[in-house]
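The values are calculated or read from the model by the stated rules, or taken from the named source; none is laboratory data. If you're wondering where the values come from, they're calculated on a predicted model, not measured in any experiment. Methodologically, a virtual Cβ is constructed for each residue, glycine included, from the backbone with ideal geometry; neighbour enumeration extends over all protein chains shown.
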């Protein structure tokens, strides 16, 4: 397509889709703004550097679920 592209380095090594209790998700995203992104469908994604990041979310936000894959409905 001859489109211009730009690559940038990142400290993130993986991503997890976020689901669960809306209030807990709002708390998670407010505290972790630097780790939050949206996928091409607009769904929330938690960007991680280490397994520790995932473990911390599981510990601190029990109403939030992080998944490595996203369910696609057709």
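Report yes if some residue within region 15-36 is at positive phi and either loosely packed, with under 14 Cβ neighbours inside 10 Å or modelled with pLDDT of 95 or more (or both); otherwise report no. For region 15-36, residues at positive phi and either loosely packed, with under 14 Cβ neighbours inside 10 Å or modelled with pLDDT of 95 or more (or both): present. For the residues 66, 50, the requirement of being surrounded by 13 or more Cβ atoms within 10 Å (Cβ to Cβ) and modelled with pLDDT of 95 or more singles out 66.
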